[in-house]
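Participant: Just passing along the structure, written as structure tokens.
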Amino acid sequence: MFDFDVSEINDNVRTIIHITADWPDNYNSRKTKAVSNLIDFNSDINNVVYSINRIDGVSGVEIIDRSQKVTCLTYKALPYGFNFLRPLRQVANWIYSDIKDRNLSPGCVHAHKLTIEGIIGLHISQKLDCPLICSIWGNTDQKIIKYRPDLHRQHQNIIDSSTRLLPATPWIRQYIKDKFIVDNTKFELIPIVTNLNGVIQPVEINNKFVSIFNLNEYKNKNFMRLLKAFKRLSKRGIDYDLDVYGNGNDATVKILKTSIKKHGLENRINICGYIPHDKICSTLSNYKGFILPSIRETFGMVFIESLYAGIPVIYPRGQSIDGFFPSSKIGYACDPKSVSDIVDGIQWLSSNELKLKEYIRLMNHSNEISRLFNADLIRAKYKNICESVCQVS
């Protein structure tokens with residue numbers, strides 16, 4: 001059922017094995033495209049992807065689907081991180097056996113997160129005796145490092161064994177430097193690929209803010225504190241509107257609408273539903289600013305989309321896009337756990353809206369933003385890293 005033609009694999013080019021839990025596959029097609037946007041299957045590198053999906057259970061790895069370049073797997077693991085390492089090593093053994101069965105000769109293994117895929121990737125790279133590249137993402141990696149100190153030695157071993165470490169943002173790079181012993185020469189910043197083309201001129205000053213997120217993640221996206229911030233402003237006689245876009249199940253939408261009504265904001269805060277990705281930038285340009293004070297946020301592609309749309313942003317301090325630009329030029333970096341600071345951010349952004357939009361217009365005009373987040377430049381940098389790592393193997 002899952003046979004493929006190994007003759008399609010170029011024997012003259014080293015293969016890169018990608019281990020990722022964030023690939024839109026036939027098991028879960030709604031996963032982020034951050035990894036798939038980075039990998040160019042049309043390049044002269046043989047990129048072979050193993051997309052892994054955790055399901056509740058005791059033990060076992062099952063292949064769900066396979067194309068020439070992508071193998072979709074599920075693996076069973078106990079909830080709440082019980083016996084955390086065992087199922088990941090089972091996945092590593094399965095992938096290693098599959099690599100040998102396919103007669104692949106990897107030039108390196110790329111684990112696309114430190115704390116999950118890194119454990120798998122380290123095991124495989126050691127058995128294959130080839131270099132390891134490890135990406136570092138904010139949300140999952142920071143959470144596991146924080147709440148699983150028992151795995152610190154394992155994470156340090158992955159860092160020590162990696163030829164290159166690819167943080168997605170400046171702040172997670174600093175977080176890793178603070179928590180582990182790291183050779184700084186291993187770091188190469190690889191931002192999330194956004195696939196944006198061109199910039200949009202925003203509307204002039206108005207009274208409406210916007211937020212976009214997966215509504216089912218409203219707790220991590222800090223929606224309830226955002227409600228309290230708008231309620232506090234309303235009590236002061238300062239009334240702004242907020243349009244909230246995003247997918248969510250019926251139960252979640254009911255919770256959000258009930259909470260909005262409870263705060264007396266049903267005439268100010270609107271749940272607007274799903275917005276197609278190709279309409280996001282043109283929609284964002286119609287607003288005063290974008291707000292998403294998440295509790296945890298690796299990157300937040302929509303922040304960059306907002307800047308391309310010409311509007312300032314309120315984002316969580318020490319997370320997300322913090323460190324790429326001075327906050328005074330693009331918006332406000334808030335303390336996501338402080339309603340008062342979210343309020344201050346909304347008021348400051350509103351008072352400085354025209355100045356911020358002009359800053360952002362000049363940044364877009366000078367390509368200051370696109371130089372950092374241009375998809376072709378990021379892919380080219382990543383390809384050069386992979387080629388240099390493969391050459392040392």
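Each reported figure results from applying straightforward, stated rules to the coordinates on display, with no laboratory input. Just so you know, these numbers come straight off a predicted model, no measurement behind them. Cβ sites come from the backbone with ideal geometry, for glycine too, and all protein chains shown count toward neighbours.
Participant: List the residues whose amide H sits under 5 Å from the amide H of Ile16, counting only those 5 or more places along or on another chain, with H placed 1.01 Å from N in the peptide plane.
Facilitator: Distant-sequence amide H within range of Ile16: Asn46, Asn47, Val48, Gly107.
Participant: Check which residues have an amide H placed less than 5 Å from Val313's amide H, if you skip close sequence neighbours.
Facilitator: It is Phe290, Gly331, Tyr332, by chain and number.
Participant: On full extension of the chain, what length is gained from Thr258 through Asn37, given 0.36 nm per residue of separation minus the C-alpha to C-alpha distance?
Facilitator: 75.8 nm
Participant: Report the calculated FRET efficiency for Asp178 and Lys127 (r = Cβ-Cβ distance, R0 = 30 Å), to the nearest 0.05.
Facilitator: The computed FRET efficiency comes out at 0.45.
Participant: Also, quick follow-up: For the stretch 159-239, what is the Kirkwood hydrodynamic radius in Å, using each pair of distinct C-alpha atoms?
Facilitator: 17.3 Å
Participant: In Å and whole numbers, how far do the C-alpha atoms of the stretch 244-321 stretch along each principal axis, longest first?
Facilitator: Largest to smallest, the principal-axis extents are 33, 28, 23 Å.
Participant: How much length would be gained if the chain were fully extended between Ile63 and Leu78, taking 0.36 nm per residue of separation minus their Cα-Cα distance, in nm to one decimal?
Facilitator: Using 0.36 nm per residue and subtracting the Cα-Cα distance, I get 3.5 nm.
Participant: Hey, can you grab everything whose amide H is under 5 Å from the amide H of Thr71? Only 5+ residues off in sequence or another chain; H modelled, so Pro and N-termini drop out.
Facilitator: Val49, Tyr50, Ser51
Participant: How much FRET efficiency would the formula 1/(1 + (r/R0)^6) give for Asp44 and Cys272, where r is the Cβ-Cβ distance and R0 is 56 Å, rounded to 0.05?
Facilitator: In this case the efficiency is close to 0.80.
Participant: Same structure again: Given the stretch 6-190 reduced to its alpha-carbon atoms as identical point scatterers, what log10 I(q)/I(0) does the Debye formula return at q = 0.16 Å⁻¹?
Facilitator: At q = 0.16 Å⁻¹ the computed log10 ratios are -1.00.
Participant: Find, among the trypsin sites (Lys or Arg not before Pro) in the stretch 68-166, those assigned to loop by DSSP (not H, G, I, E, B) with at most 14 other beta-carbon atoms within 10 angstrom.
Facilitator: When the trypsin sites (Lys or Arg not before Pro) of the stretch 68-166 are filtered for loop state and at most 14 Cβ neighbours within 10 Å, Arg102 remain.
Participant: Just to be sure I follow: if Rg is taken over the C-alpha atoms of the stretch 282-393 and Rh is the Kirkwood radius over the same atoms, what is Rg/Rh?
Facilitator: Over the Cα atoms of the stretch 282-393, Rg/Rh equals 1.07.
Participant: Restricting the count to DSSP beta bridges whose residues both fall in the chain, what percent are antiparallel, rounded to a multiple of 5?
Facilitator: About 10 percent, rounded to the nearest 5.
Participant: May I ask you to evaluate 6.51 cos²θ - 1.76 cosθ + 1.60, the Karplus curve with θ = phi - 60°, for each residue of the stretch 66-77 and list the ³J(HN,Hα) values in order in whole Hz, giving x for glycine and proline?
Facilitator: Each residue of the stretch 66-77 in turn: 8, 10, 4, 10, 10, 10, 9, 10, 10, 9, 8, 8 Hz.
Participant: On the principal axes of its Cα set, how long, how wide and how thick is the chain? Give whole Å, largest value first.
Facilitator: 68, 47, 42
Participant: Could I get the Rg over Rh figure for the stretch 108-209? Both from C-alpha atoms, Rh via Kirkwood, rounded to two places.
Facilitator: 1.14
Participant: Give me Rg over Rh for the stretch 208-372, both radii from the alpha carbons and Rh done the Kirkwood way, two decimal places.
Facilitator: 0.94
Participant: Once both labels are modelled 7 Å past Cα along the beta-carbon direction, what's the Asp344-Arg148 spacing in nm?
Facilitator: Computed distance between label sites Asp344 and Arg148 equals 3.6 nm.
Participant: I would also like to ask the following. Kindly work out what percent of the DSSP beta bridges joining two residues of the stretch 6-190 are antiparallel, to the nearest 5.
Facilitator: Percentage antiparallel, nearest 5: 15.
Participant: Once the stretch 141-194 is represented by equal point scatterers at the alpha-carbon sites, with solvent omitted, what log10 I(q)/I(0) does the Debye formula produce at q = 0.23, 0.24, 0.28, 0.29 Å⁻¹?
Facilitator: These q points yield log10 I(q)/I(0) values of -0.94, -1.01, -1.26, -1.31.
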